[in-house]
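Asker: This is the structure I want to talk about, given as C-alpha cells.
The values are calculated or read from the model by the stated rules, or taken from the named source; none is laboratory data. Quick caveat, the model's predicted, so the values are computed rather than measured. Here the Cβ positions follow ideal geometry from the backbone for every residue, glycine too, while neighbour counts run over all protein chains shown. When the accessible area is computed, the model is the full protein with side chains, heavy atoms only, and any ligands, DNA or RNA have been set aside. Shrake-Rupley method; radii C 1.70, N 1.55, O 1.52, S 1.80 Å.
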Amino acid sequence: MTRDKVFYSVIFGFAIGIFFRSFFDFGASFWQFLIFLAGAIFAASFFLKNFRQITLAVFILAVGLGIGRFDWSADKGIMPVLENKVGQTVLLEGIISAEPDERETSTKLTIDIASTTGKILATVASYPEFNYGDQIHLRGVLQKPKNFTNEDDLRQFDYVSYLAKDGVRYVMFQPTITLISENSGNFVKRKLFDLKNSFLRNVGEIIPEPAASLLGGLVVGAKRTLGADGLEKLRTVGVIDIFVLSGYNITIVAEFIMRLLAFLPRAARLAGGALAIILFAVMTGGSATIVRASLMAILVVVARATGRIYGITRALLLAGFLMVLHNPKILVFDTSFQLSFLSTLGLIYLSPVIEKWLGFIPEKLQLRQIAAATIATQIFVLPLLLYQMGQLSIVSLPVNLLILPAIPWTMLFGFLAGALGFISQIIALPFAFIAYLLLAFQLKIVALFAALPFASIAIPYFPASALFACYTIFAVLKLFSKRKTTFA
C-alpha cells in the first residue's frame with residue numbers, strides 16, 4: 001500500500017462520508033459500525049498477512065469519520081432555550097459578529113446571542129446603520145428560516161442548510177434594535193472593517209455611483225448593492241464573480257503583480273504574488289469565503305509558476321479537506337466553496353491545455369491566457385451553475401475578453417485612489433479619474449451585451465443526476481488521459 005493510496009483514500013472517503021451525511025441520517029450507530037468494520041478489516045489483513053485490503057479499510061474508516069464529523073456539527077447553533085419561543089416576541093441581547101450585508105432596500109445583520117453559541121440573522125432597515133462589534137438589544141418575533149422556491153424557474157433553494165453552515169438557526173424580520181455600546185467583538189477584525197469602510201468612503205467621495213460600488217466589490221469585496229438590475233446584468237453576461245472579489249480575480253491580480261516583478265528570481269515573484277493575495281484577504285476583513293478563495297488562488301499562482309501539477313493537486317485536495325474538516329457543511333451547502341474549488345481545478349488542469357489550442361489569439365495584454373482561463377473555469381463550473389441557477393451566458397467569453405485585461409489596472413488605480421484619499425482628495429483625484437474611466441468602460445460593455453436578446457439562456461431543469469454525470473465524465477477523461485500537461 002503506497003502513501004498515495006492512503007492519501008486519496010482518506011481525502012475521498014472523508015468527503016464521501018460528509019456528502020452522504022448531508023442528505024441521509026442513519027444515526028450515530030451507522031458511522032460507529034463503519035469504524036468498527038474498518039478496524040475488523042485492518043485486523044484481518046494483518047492476521048492473514050493480506051495487506052491489499054488495508055486501502056479499503058482506510059477508505060471505510062474515512063467515510064465513517066466523515067459521517068461522524070458531520071454529526072458532531074449537525075446541531076451547531078441550535079439553542080434549547082429559544083426552541084420553545086419560536087413564533088413569539090422575544091427580547092435578546094447580542095453582538096453583531098459579521099460585516100453588515102447591505103442590500104437594495106434592507107440590511108442583514110448576523111448577531112451572536114449573549115451567553116449562547118447561537119446566531120440570529122436579522123433583516124433590518126438600511127437606516128440607522130449598524131457596524132461590526134455593536135452590542136445591541138433586539139426585540140421581535142423569533143422565527144426559523146424556511147426554504148423557498150424561485151418564482152422564475154421554480155427551483156427550490158435550501159435556505160435552512162445555507163444558513164446552518166454558518167451556525168445561523170433563527171431569523172428576525174424588522175426587529176426593534178437598540179444600540180447598547182460600540183467596539184465589541186474581535187479587535188483586529190474591527191480595525192480591519194474600520195479601515196475598509198474608511199477606504200470605501202474615500203472612494204465614494206471622488207468616484208460616482210454605480211462605479212464606486214463596482215470598485216468596492218473589486219478591491220475589498222464590499223457588499224454594497226448595485227441594485228437588482230445591475231446584478232442581473234452581471235449574471236446575464238457571466239461576470240458576476242469578477243466583481244465580488246472571487247478567487248478568480250484574486251488570481252488575476254496576483255499574476256499581474258508577478259509579471260511586474262518579472263525581473264526578479266522566480267521565488268521573489270511567487271512571494272510577491274502570494275503577498276498580494278494575503279493583503280487582499282486582510283483588507284476584506286478575512287471572511288471565511290475570502291480566505292478560502294485566497295488560499296486556492298495562491299495554489300493556482302504556484303502551479304502556474306512551477307508547473308508542478310501533481311504536487312499542487314495534492315495541496316489543493318489537502319486544503320479542501322482541511323476546510324471541510326473545519327466546517328463540513330460547506331461541501332454541499334456553500335456554493336462559493338464549490339465554485340472556488342472547481343474553478344481552481346479548471347485553472348490548474350484545463351487552462352494550459354486550452355491555451356495551446358488558442359494560437360490564433362494574440363498574447364498581447366494576456367488575451368490568450370485570459371481566454372484560456374475563462375473557457376477552462378466556465379467548463380468546470382458550468383454544470384454546477386446550471387444546477388444551482390439554471391442560466392447559461394452565451395456572451396460570457398467575449399465579455400470576459402473585453403473586461404479582464406482592464407481589471408488589474410482598475411484595481412490598481414482604484415486602490416491608489418482610495419489609499420491616497422487618506423492624505424488628500426486632490427492627490428487621489430487623477431488616479432480616481434483613470435479608475436472611473438475603466439469602470440465606465442466595463443459597465444458599458446456589460447450593459448451592451450446584457451441587452452442582446454440571446455445573451456443568456458434559461459435552463460429550466462438540470463437534475464442532480466446530470467450534474468454528477470458531467471463531473472464523472474470530467475474525472476474519467478482525466479483519469480484515462482495520457483496527455484501530460486505542463487505549464488508554459
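Asker: Out of everything in region 91-123 that is small (G, A, S) and part of a strand (DSSP E or B), what residue ends up being nearest to the chain's Cα centre (by Cα)?
Answerer: Only one residue tops the list, namely A122.
Asker: Considering every residue within region 1-20, establish whether at least one is of a type outside the set (S, T, Y), assigned to a loop (DSSP other than H, G, I, E, B) and in contact (Cβ under 8 Å) with a residue 24 or more places away in the chain.
Answerer: yes
Asker: What's the number of the only condition in (1) outside any helix (DSSP H, G or I); (2) within 30 Å of K189 (Cβ to Cβ); (3) out of contact with any Pro (no Cβ under 9 Å at 6 or more places or on another chain) that G87 fails to meet?
Answerer: It is condition (2) that G87 fails.
Asker: I want to confirm something. Restricting to region 421-440 and keeping residues that are open to solvent by 30 Å² or more (accessible area, probe 1.4 Å) and in contact (Cβ under 8 Å) with a residue 12 or more places away in the chain, which single residue is farthest from E209 (Cα to Cα)?
Answerer: In this case the residue turns out to be F422.
Asker: Follow-up. Say we look at region 65-81 and pick out the residues that are in a loop (DSSP other than H, G, I, E, B) and open to solvent by less than 10 Å² (accessible area, probe 1.4 Å); which of these is modelled with the highest pLDDT?
Answerer: This residue is M79.
Asker: Taking G414, is it open to solvent by less than 60 Å² (accessible area, probe 1.4 Å) and on the phi > 0 side of the Ramachandran plot?
Answerer: no
Asker: Any chance you could count how many residues in region 13-52 are open to solvent by 50 Å² or more (accessible area, probe 1.4 Å) and either on the phi > 0 side of the Ramachandran plot or aromatic (F, W, Y) (or both)?
Answerer: The number of residues fulfilling the criteria is 14.
Asker: I'm checking my understanding of the structure. Among residues of region 103-128 that are out of contact with any Asp or Glu (no Cβ under 8 Å at 6 or more places or on another chain) and among the hydroxyl-bearing types (S, T, Y), which one is farthest from D166 (Cα to Cα)?
Answerer: Y127
Asker: In addition: Out of everything in region 166-190 that is closer than 24 Å to F337 by Cα and at pLDDT 90 or above, what residue ends up being most open to solvent (accessible area, probe 1.4 Å)?
Answerer: Within region 166-190, the subset closer than 24 Å to F337 by Cα is 166-171, 189.
Restricting the remaining residues to those that are at pLDDT 90 or above gives 168-171.
Details: V168: 8, R169: 39, Y170: 0, V171: 8 Å².
Top of the filtered list is R169.
Asker: While we're here: Cβ contacts < 8 Å: first residue more than 17 Å from G390 (Cβ to Cβ), restricted to region 461-477; second residue open to solvent by less than 40 Å² (accessible area, probe 1.4 Å) and assigned to a helix (DSSP H, G or I), any location; separation 6+ or different chain. Result?
Answerer: Y471/P383; F474/F380
Asker: I would also like to ask the following. So P128 fits all but one of (1) open to solvent by 20 Å² or more (accessible area, probe 1.4 Å); (2) touching a strand residue (DSSP E or B) at 6+ places or on another chain (Cβ under 7 Å); what number is the exception?
Answerer: Of (1) open to solvent by 20 Å² or more (accessible area, probe 1.4 Å); (2) touching a strand residue (DSSP E or B) at 6+ places or on another chain (Cβ under 7 Å), only one is false for P128: (2).
Asker: Please tell me if I242 is closer than 26 Å to A440 by Cα and modelled with pLDDT of 75 or more.
Answerer: no
Asker: Only one of these is more than 30 Å from D158 (Cβ to Cβ), assigned to a helix (DSSP H, G or I) and either open to solvent by 50 Å² or more (accessible area, probe 1.4 Å) or at pLDDT 85 or above (or both): L382, L404, L397. Name it.
Answerer: Just a single option satisfies the conditions, and that option is L397.
Asker: Moving to a separate point now. If the requirement is being closer than 21 Å to L234 by Cβ and among the β-branched types (V, I, T), which of these qualifies: I354, I394?
Answerer: I394
Asker: Within region 186-215, can you find the residues that are under 17 Å from L279 (Cα atoms) and aliphatic (A, V, I, L, M)? Spell out how you get there, then give the answer.
Answerer: Of the residues in region 186-215, the ones under 17 Å from L279 (Cα atoms) are 188-200, 215.
Once the filter is applied, which keeps residues that are under 17 Å from L279 (Cα atoms) and aliphatic (A, V, I, L, M), region 186-215 yields V188, L192, L195, L200, L215.
Asker: Related question: Of all residues in region 82-108, which are open to solvent by less than 30 Å² (accessible area, probe 1.4 Å) and free of Cβ contacts under 8 Å to residues at least 24 places away in the same chain?
Answerer: S106, T107
Asker: Identify, please: which residue in region 466-482 is over 24 Å from the mean Cα position of the chain (by Cα) and in a helix (DSSP H, G or I) and is, among those, nearest to T236 (Cα to Cα)?
Answerer: Filtering first and then ranking leaves I473.
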